[in-house]
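Below: the structure, in structure tokens.
The values are calculated or read from the model by the stated rules, or taken from the named source; none is laboratory data. This one's a predicted model, so the numbers in the text were calculated from it and none came from an experiment. Areas reflect the complete protein model, heavy atoms only, side chains present, ligands, DNA and RNA absent. Shrake-Rupley method; radii C 1.70, N 1.55, O 1.52, S 1.80 Å.
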Amino acid sequence: MQIKIFNQNQLSILRNINPLLKEYKIPRMVLHEIGYILEFKKASNKDYVTLFWEPLKNDLIDILDRLHLYLEEVEYSENNFHTIEVKGKKHPMKKKRIWSWYDISIPTEERTIFVVYSMNKKDLKRKGGF
């Protein structure tokens, strides 16, 4: 499942319903990073943040597949990878996961998609990360 967040009002609604999400509850640090992206990184009204709940296996390729984008359509840099530190071992959305975000620009549409996602730690170790 994924959620598109265009502005602070939508983020506020997500923060309010977050306690009701039980095992899908979003970590507070992830919500904080989404707020930071919306406030300081977003350049236009077309820009938005997409939040993926399910862990991804291959970060950029899997992200583009889920967004229905082709590699030729986007501009990205390997330096756009940012890790989100989630504290607290008991949080259900932290167990065996690493949270991160990417920014992907689409020049033809003059917009940027900021993607917040999690990866399984075992998949990340297999790829040679963390």
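Which of the aspartates and glutamates could a cross-linker bridge to residue 4, judged by Cα under 15 Å and excluding same-chain residues fewer than eight apart?
Cross-link targets: 33, 47, 54, 103.
Just the accessible area per residue of region 1-75, please: how many Å² with a 1.4 Å probe? Present the calculation step by step, with values, prior to reporting the outcome.
Details: 4730 Å² over 75 residues.
Here the per-residue accessible area is 63 Å².
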